[in-house]
Amino acid sequence: MLRGGDPYKSRHRRRAKKVGAVGSFDKGDVDIRRAKQGGLCHYCGEVLEIDGPRKFQVDHFIPLSRGGTNMMTNIVCACPECNRDKGSKMPWEYRPARFAPGCRRD
Ligand SMILES: [Zn+2]
């Protein structure tokens, strides 16, 4: 079996494994997700940068630490600031005006 060195995959997989989350995704999934968001941050709507120091980050919509999965259906692309500020908050705790409690990602 061929094993690629995809940094997205291995980093998230390790973290997901640690908390016992199910699922996995790869860079292609991330690209699809970013396109679905129109290339904008899922939280603040800023244009996501695809390179450089402000490169977008992959966020777990429901944090792994709060029972979220590591499946593609639970990942969003966010700017570094939103990802950092959201931390392990639920989306509606982070931005109550944008997300209703218990809402799904899309
Ligand atoms: Zn943002």
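The values are calculated or read from the model by the stated rules, or taken from the named source; none is laboratory data. Predicted, not measured: the structure shown is a model, and the values here were computed from it. All Cβ positions, even for glycine, are placed from backbone atoms using ideal geometry, and neighbour counts span all protein chains on display.
Here are the numbers:
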item: Flag if residue 88 is polar (S, T, N, Q), in a loop (DSSP other than H, G, I, E, B), surrounded by fewer than 17 Cβ atoms within 10 Å (Cβ to Cβ) and at negative phi; result: yes
item: Selection count where residues are surrounded by 18 or more Cβ atoms within 10 Å (Cβ to Cβ) and over 16 Å from residue 28 (Cα atoms), scope segment 45-61; result: 3
item: Flag for residue 55 being charged (D, E, K, R) and within 14 Å of the ligand (Cβ to nearest atom); result: yes
item: Tally, over segment 35-78, of residues that are closer than 24 Å to residue 19 by Cβ and in a loop (DSSP other than H, G, I, E, B); result: 11
item: Filtered residue count, segment 64-106, keeping only those that are touching a residue at least 12 places away in the same chain (Cβ under 8 Å) and small (Gly, Ala, Ser); result: 5
item: Pairs where the first residue, in segment 37-63, is at positive phi and the second is within 13 Å of the ligand (Cβ to nearest atom) and at pLDDT 95 or above, C-beta under 6 Å, 6+ apart; result: 39/48
item: Residue in segment 73-83 that is of a type outside the set (A, V, I, L, M), more than 16 Å from the ligand (Cβ to nearest atom), under 21 Å from residue 14 (Cα atoms) and within 14 Å of the chain's Cα centre (by Cα) present; result: yes
